[in-house]
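Rule-based calculations on the coordinates, nothing more; no lab input. Quick caveat: nothing in here was measured; it's all calculated off a predicted structure. Neighbour counts run over all protein chains shown; Cβ positions are idealised from the backbone, glycine included.
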Ligand SMILES: [Ca+2]
């Protein structure tokens, strides 16, 4: 997990239950705190150094922070001729070699506050709840996990349009 610089102590307190949950699941979890999280290239270099030196190579990275707001965290701008940024975290997972093949998956915990509405606390609680007590379904709903997918984005984001274009049942 990768933490935002500002407000880190509060963030760490809120993600700790998720860290402990993952460890109970048998994962090796490290929490990385970076002083400068707004420069994506600096973050990527720190991740590459961590990956190179890690005894257990990370397979998944969870970024804690939005692209702006109270807990800003850098991103790679993949716009192609557009006048607005196309935010991507893909490059954070490309940790070794000069290739397009990522070594780790990357997710981002996007929140506006540590506690309260739209908070990291809520994300952590929901994630643990979904995993600890999953909806299994009955009848025709049983087995939905084998053909389900989750897509989430902002309703006005360009990525929303791309997701709709590329999604198929
Ligand atoms: Ca690679």
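Label positions at residue 159 and residue 53, each projected 7 Å from the Cα along the C-beta direction, are separated by 3.0 nm.
In the stretch 2-136, the ratio of gyration radius to Kirkwood radius, Rg to Rh, stands at 0.97 when only Cα atoms are counted. Compared with the alpha-carbon gap, the fully stretched path from residue 152 to residue 166 is longer by 3.7 nm at 0.36 nm per residue. Largest GNM mean-square fluctuation among 127, 49, 156, using the chain with Cα springs under 10 Å: 156. In the chain, the calculated helix contribution to ellipticity at 222 nm averages -10000 deg cm²/dmol per residue, counting -39,500 (n - 2.57) for every DSSP H run with n ≥ 4.
Multiplying the residue separation of residue 32 and residue 68 by 0.36 nm and subtracting their alpha-carbon distance yields 11.0 nm. Once you reduce the stretch 36-51 and the stretch 83-158 to the center of their Cα atoms, the two points are 21 Å from each other. Once the Cα-Cα distance is subtracted from the 0.36 nm per residue extended length, the residue 42 to residue 104 segment shows a gain of 20.6 nm.
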